[in-house]
1. Go through (1) of a type in the set (A, V, I, L, M, F, W, C); (2) surrounded by 12 or more Cβ atoms within 10 Å (Cβ to Cβ); (3) free of Cβ contacts under 8 Å to residues at least 12 places away in the same chain for Ile11 and report which single condition fails.
2. Residues in region 16-50 that are among the hydrophobic types (A, V, I, L, M, F, W, C) and either in contact (Cβ under 8 Å) with a residue 60 or more places away in the chain or at positive phi (or both): how many?
3. Restricting the search to region 58-82, which residues are in contact with a strand residue (DSSP E or B) (Cβ under 6 Å, 6 or more places away or on another chain), crowded, with 20+ Cβ neighbours inside 10 Å and either farther than 22 Å from Tyr18 by Cβ or without any contact (Cβ under 8 Å) to a residue 24 or more places away in the chain (or both)?
4. Can you find a residue in region 37-47 that is crowded, with 20+ Cβ neighbours inside 10 Å and not in a loop (DSSP other than H, G, I, E, B)?
5. Quick test for you: out of Arg118, Arg113, Arg108, pick the one residue that is at pLDDT below 95 and in a helix (DSSP H, G or I).
6. Just one of (1) out of contact with any His (no Cβ under 6 Å at 6 or more places or on another chain); (2) of a type in the set (A, V, I, L, M, F, W, C); (3) part of a strand (DSSP E or B) trips up Val76, so point out which.
Amino acid sequence: MGETTIKNETIDAYISSYDEVVQLILKELRRVIKEEAPDATEKISYQMPTFYLNGNLVHFAVQKNHIGFYPAPSGVAAFKEELTEYKTSKGAIQFPLTKPIPYELVRRIVRFRVEEAREKKK
């Protein structure tokens, strides 16, 4: 039996597999992450776009009704008060596709995770 899901090998391939509206969101999300984590490498991990810096920094993925953003449990906990309008779990945040993505909040979360990664390296 074969795979029923497409396996993307690059973030570009992942993004291009969605409709134009979702592609625009993913491209902007990627741009914001790259600006805050210029030294991170890009890869696909767990079949999701992943930024890696001394370990997995953040992942993101398209779900049926939201963009999942995965900044590790510490990234969610550190911004708990600012995330009250979003569904969260231990290491995940759901940004509904029906609302604007809070890119400035994403930027601050990534910046926080970059600092954690630098501390981890020391």
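The values are calculated or read from the model by the stated rules, or taken from the named source; none is laboratory data. It should be emphasised that the depicted structure is a prediction, and the values quoted were computed from it without experimental measurement. All Cβ positions, glycine included, derive from the backbone under ideal geometry; neighbour counts span all protein chains shown.
1. (3)
2. Step one: filter region 16-50 for residues among the hydrophobic types (A, V, I, L, M, F, W, C), giving 21-22, 24-26, 29, 32-33, 37, 40, 44, 48.
Narrowing further to those that are either in contact (Cβ under 8 Å) with a residue 60 or more places away in the chain or at positive phi (or both): 22, 25, 29, 32-33, 37, 40.
Within region 16-50, residues that are among the hydrophobic types (A, V, I, L, M, F, W, C) and either in contact (Cβ under 8 Å) with a residue 60 or more places away in the chain or at positive phi (or both) number 7.
3. Residues satisfying the conditions are His59, Tyr70, Val76.
4. There is no residue in region 37-47 that is crowded, with 20+ Cβ neighbours inside 10 Å and not in a loop (DSSP other than H, G, I, E, B).
5. Details: Arg113 fails: at pLDDT below 95; Arg108 fails: at pLDDT below 95.
Exactly one of Arg118, Arg113, Arg108 is at pLDDT below 95 and in a helix (DSSP H, G or I), namely Arg118.
6. (3)
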